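Scroll down for the structure; my scribbles are underneath it.
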Amino acid sequence: VLELPRADIQPPLSKHLPACRTMTAELLRRAQMKQAGPALAHLAQVLALSRNLRNRASLESYLTGVELEKDALEGLDRWLARGKPAPQLLRHALTELNRHAAETPPAIDCLQTECFRSGGFLVNPGTLVAQVPGQAARVPERWLTGGIALSLEAPWEEERNARIWQLVWAGLFRAVETPHWQLPTLAEDPASEKPLTRKILRGWLPAVAGPGAGITRAHLGRLLDQSWLCDDRLFCSIARLREASTRARYRVDALRLAIALSIYHLDEGTPAKDLQDLAPKYLPAGLPTDPYSGQSYRYRIAGKQRLDPNGAAPGQGIVWSTGPDRIDHGGIKDGSLLADDDIAWSRGDLDLIMLVPQWP
């Protein structure tokens, strides 16, 4: 853990993040300059740093870890593009990626850390009411903030705040724990007096059974509007966390599959006919699951007559995910540069595509 989680509702200091970005930039610079072996070692260091940044981390640190992981994977793409690596180095690259996939902290860890930090409000509500909700300005009248804080400590107010706080966080946890392919099609944001309420409940999922069942987003929105809990400092942006973690998982698993397919081709002298050929020899933990569809990743070999529309050379392997729309379009057109909520996904012709490295 690079920064211990705090429970006092205050935002994390995150003083280590600029240094981590500087370290990553230097490691990537060295990876470009050095020979294949040392370069791979530097890229593996960036991957390790990205994992530590996501371990029991705040949202800001988690997102930075995903950002640095993406930089490392792009560096690995450039490493592969240099030319055919020695077989042992290619195997080592796959081993590092397999380890990275197994040891990367899940998004739920980040959410637990943010919830732990937010819990400080229930113990000391005065830390929140001293500041104007959604703004950096403080309430100038100390007598006013003192009176509000005192009123929030009344037993019935404590109980009401705790119940609303728990209802919001329970729905946020459900949103992270629900796989992408099981997410319902969310309606528009509920009508609310406060924009912050809509921001807090974006992506929130209601309970279908047990405690909280029957509470809708609209109902909870009205409760938030009328409480001091309508403050985005108390909650975590589920949409950002979900998109970052899901896309990061795709990037790592797709590259693992692509490198494993390359090694298979070198070993066997012919491309794999099916992804099942890779496990358990190259992927000991088994084939990864597409985080968007919940099914296997798709795989095909580009036709030998002409260049594939996605840029694959004749005979080159293509690995793809359905992407956020959960529909397989054949791995023809790549949407990797688009965010998960980009309206272009509604056109119905995009997938997330990874080309298998190949060398003369």
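The values are calculated or read from the model by the stated rules, or taken from the named source; none is laboratory data. The shown structure was predicted, so the numbers you read here are calculated from the model rather than taken from an experiment. Neighbour counts are summed over all protein chains in view; Cβ atoms, including those assigned to glycine, are modelled from backbone coordinates with ideal geometry. Surface areas here come from the heavy atoms of the whole protein model, side chains and all, with no ligands, DNA or RNA. Shrake-Rupley method; radii C 1.70, N 1.55, O 1.52, S 1.80 Å.
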**Message:** Pairs needed: first member in region 251-275, free of Cβ contacts under 8 Å to residues at least 40 places away in the same chain and more than 15 Å from residue 298 (Cα to Cα); second member anywhere, of a type outside the set (A, V, I, L, M, F, W, C) and open to solvent by 40 Å² or more (accessible area, probe 1.4 Å); C-beta distance under 7 Å; at least 6 residues apart or different chains.
**Reply:** 264/277
**Complete:** Within region 223-273, restricting to residues that are in contact with a strand residue (DSSP E or B) (Cβ under 9 Å, 6 or more places away or on another chain) and not in a helix (DSSP H, G or I), the one that is modelled with the lowest pLDDT is 231
**Prompt:** If we scan region 148-156, do we find a residue that is part of a helix (DSSP H, G or I), modelled with pLDDT of 90 or more and surrounded by fewer than 17 Cβ atoms within 10 Å (Cβ to Cβ)?
**Reply:** no
**Message:** Scan region 279-286 and tell me whether some residue there is closer than 22 Å to residue 81 by Cα, of a type outside the set (Ser, Thr, Tyr) and either open to solvent by 40 Å² or more (accessible area, probe 1.4 Å) or modelled with pLDDT of 95 or more (or both).
**Reply:** no
**Asked** Does region 301-322 contain at least one residue that is open to solvent by 20 Å² or more (accessible area, probe 1.4 Å), on the phi < 0 side of the Ramachandran plot and not in a loop (DSSP other than H, G, I, E, B)?
**Response** yes
**Prompt:** Can you tell me which of 58, 14 is in contact with a Ser or Thr (Cβ under 7 Å, 6 or more places away or on another chain), surrounded by fewer than 18 Cβ atoms within 10 Å (Cβ to Cβ) and under 26 Å from residue 231 (Cα atoms)?
**Reply:** 14
